[in-house]
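*Asks:* Sending over a structure as structure tokens; questions will come in a sec.
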Number of protein chains: 2
Amino acid sequence: MSTICFPEHPSPVADAEALRKAFQGWGTDEKAVISILGRRNATQRKLIRQAYEDLYQEDLVKRLESELSGDFERAVYRWILDPEDRDAVLLHVAIKKTPVPDYRVIIEISCIHSPEEFLATKRAYQARYKRSLEEDLAQHTSGDIRKFLVGLVGIYRYRGEEITTKLANSEADILHKAITEKAFSHDEVVRIISTRSKAQILATLNHYKDDHGASITKHLRGDPCSDYLSALRTAIRCFTDHEKYYEKVIRQALNRPSTDEESLTRVVVTRAEKDLKEIKQLYQKRNNISLDHAVAKETSGDYNAFLLTLLGKQD
Amino acid sequence: MSTICFPEHPSPVADAEALRKAFQGWGTDEKAVISILGRRNATQRKLIRQAYEDLYQEDLVKRLESELSGDFERAVYRWILDPEDRDAVLLHVAIKKTPVPDYRVIIEISCIHSPEEFLATKRAYQARYKRSLEEDLAQHTSGDIRKFLVGLVGIYRYRGEEITTKLANSEADILHKAITEKAFSHDEVVRIISTRSKAQILATLNHYKDDHGASITKHLRGDPCSDYLSALRTAIRCFTDHEKYYEKVIRQALNRPSTDEESLTRVVVTRAEKDLKEIKQLYQKRNNISLDHAVAKETSGDYNAFLLTLLGKQD
């Protein structure tokens, strides 16, 4: 469930005018920006962008970029874009990251989002960067990790719930054989995880657990520095329980000596209108502290105020 | 350009009634079936199917299957389906073909059709078979050919016309290096052909020709039994000149000791409303005989009459 609080029928024109006012005079009124944009859903934000453009012949996104800065600016920028456009930006940033791409972002978006949402993201990526997501990803990766990620990204996955038990059984055996032989990147492993429907993968993983006494992720241990192995585990966790996965991303982001704002922002912004409430509950249960408290402790300033608003804090 | 002749506003109800009449009594009036269905475009055929269903609570496609037989039935069946549904059937038949899949069909549809058409085909495939095209293809192939075909099929290719000259240059060199080393199935070769936009691939192939004195297909000679190598050449020919490619498919289908009706039907049915006129011109030029004459000579009966109708023969 969503964490953000938003009025039912706010006026996009009044919101655009209030934002314009917040930009004028000495400095920016960040509080006003937060209390408007942090309390509007995706459709409402889109209408504000349109109203702002109509009223002032100016792109609100560009104006916000020039008015704000740092982590706060990045968070607002990701928040104000349409979801598919935001995902395209996240993917592009992840692919271009040096020295190596941020594989997690690519896996999250390709495994957790529905095939239709992911397709919308691919279209947005092409519209924005004039290239396909697949070609950029293939160009910036190599070896096993390329084989796996290009497979994950380049599939229009079947989203039906039908499963074939016999297939789940035989493919669980294929996975087990490969893992026993430490052939983690065997073509068959890549094929199963990258092409089967989510329902079929879950059935296969359940068979695996029933037949071999432990979950597959327990058996996927080898070279701890292997990007491929870690990517495979991430994909499996995204399929099996993505809320638990996101809780861990947030936990790690907050527990680092210096907070990983990029990951924290990404999870809060992308899940606020979907299942951030459930992620918050998991966080509280796992860490004995509420996510709001942890975020309040580890961040500061406008960035802090904005995240807390998205997490559902009332005035 | 299209070869079929069709009236501008035929009545779907009158057509459905005429078909119903053709099915009644002793035997089927195949001539009537041909003269109606062979002279209607995709939209008109769809309306006939709907009118027939409304009038007689019967599926016209199923009825045709029970009324007709042999090559004629298969051709009518492929013709009457919506284009994306027909392509889904063609792909499914190709993948399930024993002892090995018919790779050409998979390459044609993924490389020649626009990204949007191909996406519609993937949706139709899932609706029909309750699995994704990608997973079926991956399951029925292995090794280099799997790597290549799953790459081709699993991409939502960018269709813009922008190209990057520098990239075309550097990727032409990558291709040439791999080919010189006979590393035809090198990951980089697969990456370039399976992920780049058509415009970018053509630019790269032109650079290749300029820098290395011959077209890449001339250099792609090795083990003549290699499915992979032949698939790679096919993909390149589909990108560079798909009409020329189709002319060759038809020529080979007609020149075999026993005609390859499957390939002949496929090209005629899938291209009749697109560019069969251009393919006919190429055929005439290359073989000194018109395609109509060649088809008339190598086929017979209702199948012959139906193909000639699709090729544009007037009564």
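The values are calculated or read from the model by the stated rules, or taken from the named source; none is laboratory data. Remember, predicted model here, so these are calculated numbers, not experimental data. Note that each Cβ is placed from the backbone with ideal geometry, even for glycine, and that neighbours are counted across all protein chains shown. Accessible surface areas use protein heavy atoms only, side chains included; no ligands, DNA or RNA. Shrake-Rupley method; radii C 1.70, N 1.55, O 1.52, S 1.80 Å.
*Asks:* Taking the Cα atoms of segment A:83-143, what is the range of coordinates along each of the three principal axes, in descending order and whole Å?
*Replies:* Dimensions of segment A:83-143 along the principal axes of its Cα atoms: 29, 24, 18 Å.
*Asks:* Given R₀ = 35 Å, what would the calculated FRET efficiency be for B:Ala14 paired with B:Arg159, taking r from the Cβ atoms and rounding to 0.05?
*Replies:* Once the sixth-power term is evaluated, E becomes 0.35.
*Asks:* All other residues with a Cβ under 9 Å from the Cβ of A:Glu30 taken together, and with Lys, Arg as +1 and Asp, Glu as -1, what is their net charge? Spell out each step's value before the answer.
*Replies:* On the way: positive: A:Lys31; negative: A:Asp29, A:Glu67, A:Asp302.
With Lys, Arg at +1 and Asp, Glu at -1, the net is -2.
*Asks:* A further question on this structure: Test of understanding: express the Cα radius of gyration of segment A:165-240 as a ratio to 2.2 N^0.38 Å, with N the residue count.
*Replies:* With N residues counted in segment A:165-240, Rg over 2.2 N^0.38 Å equals 0.98.
*Asks:* Right, another one. Could you identify the residue of B sitting closest to the B-A rotation axis by Cβ and state that distance rounded to whole angstrom?
*Replies:* B:Gly154, 2
*Asks:* Roughly how large is the B-A contact in terms of buried accessible area, totalled over both chains, probe 1.4 Å, nearest 100 Å²?
*Replies:* Roughly 2600 Å² of accessible surface disappears when B and A pair.
*Asks:* Please give the helix B:143-153 orientation as an angle from the longest Cα principal axis of chain B, in degrees from 0 to 90, rounded to the nearest 10.
*Replies:* With rounding to tens, the tilt is 60 degrees.
*Asks:* Modelled label-to-label distance, B:Ser226 and A:Ser226, 7 Å Cα→beta-carbon offset: nm?
*Replies:* Each label point lies 7 Å from its Cα, and together they span 2.8 nm.
*Asks:* Tally up the carbon and sulfur contribution to the accessible surface of the protein assembly as shown as a whole percent, 1.4 Å probe, everything protein left in place. Write out the running numbers ahead of the final one.
*Replies:* On the way: 13930 of 27950 Å².
Reported share for carbon and sulfur atoms: 50 percent.
*Asks:* For chain A, set up a GNM with springs between Cα atoms under 10 Å and report which of A:Ala172, A:Ala138, A:Ala183 has the largest fluctuation.
*Replies:* A:Ala183
*Asks:* Within segment B:204-220, what residues put their amide N at less than 16 Å from the label point 7 Å along the Cα-to-Cβ vector of B:Asn169?
*Replies:* Answer for this model: B:204-212.
*Asks:* Now for a separate question. Given the options B:Ala51, B:Ala14, B:Ala253, which has the most mean-square fluctuation in a GNM of chain B, springs set between C-alpha atoms less than 10 angstrom apart?
*Replies:* Ranking B:Ala51, B:Ala14, B:Ala253 by mean-square fluctuation puts B:Ala14 first.
*Asks:* I would also like to ask the following. Under a plain spin-label model, where a point goes 7 Å from the Cα along Cα-to-Cβ, how far apart in nm are B:Asp260 and A:Gln252?
*Replies:* 5.0 nm
*Asks:* Within segment B:119-139, what residues put their amide N at less than 12 Å from the label point 7 Å along the Cα-to-Cβ vector of B:Asp59?
*Replies:* Those under the cut-off are B:128-129.
*Asks:* Helix-only estimate, please: 222 nm mean residue ellipticity of chain A, summing -39500 (n - 2.57) across DSSP H runs of length 4 or more and dividing by its residues, to the nearest 500.
*Replies:* Computed ellipticity for chain A at 222 nm equals -21500 deg cm²/dmol.
*Asks:* While we're looking at this one, here's another question. So what are the ³J(HN,Hα) numbers for segment A:66-77, from phi and the Karplus equation (6.51, -1.76, 1.60; θ = phi - 60°), rounded to whole Hz, Gly and Pro as x?
*Replies:* So the Karplus estimates, Gly and Pro as x, are 7, 7, 9, 8, x, 4, 4, 4, 4, 5, 5, 4 Hz.
*Asks:* With θ taken as phi - 60° and the coefficients 6.51, -1.76 and 1.60, list the Karplus ³J(HN,Hα) couplings across segment A:192-198 in order, rounded to whole Hz; mark glycine and proline as x.
*Replies:* Per-residue couplings from phi come out as 5, 6, 8, 10, 5, 5, 4 Hz.
*Asks:* Calculate I(q)/I(0) for the protein assembly as shown by the Debye formula, one identical point scatterer on each C-alpha and no solvent, and give its log10 at q = 0.07, 0.11 Å⁻¹ to two decimals.
*Replies:* The computed values of log10 I(q)/I(0) come out as -0.56, -1.15.
*Asks:* Please identify every one of the trypsin sites (Lys or Arg not before Pro) in segment B:55-105 that sits in a loop by DSSP and has no more than 14 other beta carbons within 10 Å of its own beta carbon.
*Replies:* Listed in order of number, the matching sites are B:Lys97.
*Asks:* Based on alpha-carbon centroids, what's the gap between segment B:21-78 and segment A:207-247 in Å, whole number please?
*Replies:* 52 Å
*Asks:* Return P(r) of chain B (all Cα-Cα pairs; 10 Å bins starting at 0; whole %; ordered from short to long distances).
*Replies:* Reading the bins upward from 0: 6, 25, 31, 24, 11, 4, 1.
*Asks:* So with the 1.4 Å probe, I'd like the accessible area per residue for the protein assembly as shown, rounded to whole Å².
*Replies:* 44 Å²
*Asks:* Still on this structure, I have one more. Could you work out Rg/(2.2 N^0.38 Å) for segment A:1-88, with Rg from alpha carbons only?
*Replies:* The value comes to 1.02.
*Asks:* Additional query: At what distance in nm do the modelled label points of B:Glu116 and A:Ile289 sit from each other, each positioned 7 Å from its Cα along Cα→Cβ?
*Replies:* It works out to 5.2 nm between the two label points.
*Asks:* Please give every one of the lysines within straight-line cross-link reach of A:Lys218, meaning a C-alpha to C-alpha distance under 24 Å, and leave out same-chain neighbours fewer than 8 residues apart.
*Replies:* A:Lys147, A:Lys166, A:Lys177, A:Lys182, A:Lys198, A:Lys209, A:Lys244, A:Lys248, A:Lys285
*Asks:* I've got another one for you. Given +1 on the Cβ of Lys and Arg, -1 on the Cβ of Asp and Glu, and no further charges, what dipole in debye does chain A carry about its Cα centre, rounded to the nearest 20?
*Replies:* 540 debye
*Asks:* Now, a different point. Given 0.36 nm per residue, what is the gain on full extension from A:His219 to A:Ser69 after removing their alpha carbon distance, in nm?
*Replies:* 49.6 nm
*Asks:* Any idea how many Lys pairs in segment A:1-132 come in under 18 angstrom at the alpha carbon, given 8 or more places apart or on separate chains? Intermediate results must be reported in sequence, preceding the final value.
*Replies:* On the way: A:Lys21/A:Lys31; A:Lys21/A:Lys62; A:Lys46/A:Lys62; A:Lys96/A:Lys122; A:Lys96/A:Lys130; A:Lys122/A:Lys130.
Close lysine pairs under the 18 Å cut-off: 6.
*Asks:* Along the charge dipole of segment B:9-94, Cβ charges K/R +1 and D/E -1, which of B:Tyr56, B:Ser11, B:Ala88 sits furthest on the positive end?
*Replies:* The listed residue farthest towards the positive side: B:Ser11.
*Asks:* Could you name every residue in segment A:143-158 that has 30 Å² or more less accessible surface in the full protein assembly than in its own chain alone (probe 1.4 Å, ligands and nucleic acids excluded)?
*Replies:* A:Arg146, A:Gly154, A:Tyr156, A:Tyr158
*Asks:* A further question on this structure: Is there a quick way to get the dipole size of the protein assembly as shown? I mean about its Cα centre, with the Cβ of Lys and Arg at +1 and of Asp and Glu at -1; what is the value in debye to the nearest 20?
*Replies:* So the dipole magnitude of the protein assembly as shown works out to roughly 860 debye.
*Asks:* Rounded to the nearest 0.05, what FRET efficiency is calculated for A:Gln24 and A:Asp241 with R0 set to 51 Å and r the Cβ-Cβ distance?
*Replies:* Calculated transfer efficiency: 0.60.
*Asks:* Mind listing the lone cysteines of chain B, meaning no other Cys beta-carbon sits under 4.7 Å from theirs?
*Replies:* Isolated Cys, chain B: B:Cys5, B:Cys225.
*Asks:* In whole Hz, with x marking every Gly and Pro, tabulate ³J(HN,Hα) for segment B:23-39 from phi via Karplus 6.51 cos²θ - 1.76 cosθ + 1.60, θ = phi - 60°.
*Replies:* 7, 7, x, 6, x, 10, 8, 4, 4, 5, 4, 5, 6, 7, 5, x, 10
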